[in-house]
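The values are calculated or read from the model by the stated rules, or taken from the named source; none is laboratory data. Note that the coordinates shown come from a computational prediction; the quantities given were computed from them, not determined experimentally. Quick reminder, even Gly has a Cβ in these numbers, built from the backbone with ideal geometry, and neighbours come from all protein chains shown.
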Amino acid sequence: MKDLQQLRKRLDQQNQIEAILDEYIELGAGIRHSDAQEYVNDLRAEDGVLEGEKQEA
């Protein structure tokens, strides 16, 4: 009986890990298809920081 409990615990842990990894994969899905500099430029544009401009403190 104890062996079954340990097996169930390991399966539950594996399912939790897979669920967490699936979330990370979904979060990164839009990023992977773009170039890193393009992504940074998009973030800067959203924040209103353009290339060549200095950010005021």
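Does LEU27 meet the test of being modelled with pLDDT of 90 or more and out of contact with any Cys (no Cβ under 7 Å at 6 or more places or on another chain)? Spelling it out, it is not the case that LEU27 is modelled with pLDDT of 90 or more and out of contact with any Cys (no Cβ under 7 Å at 6 or more places or on another chain). Put simply, of ASP35, ASP22 the only residue that is at negative phi, among the acidic types (Asp, Glu) and modelled with pLDDT of 80 or more is ASP22.
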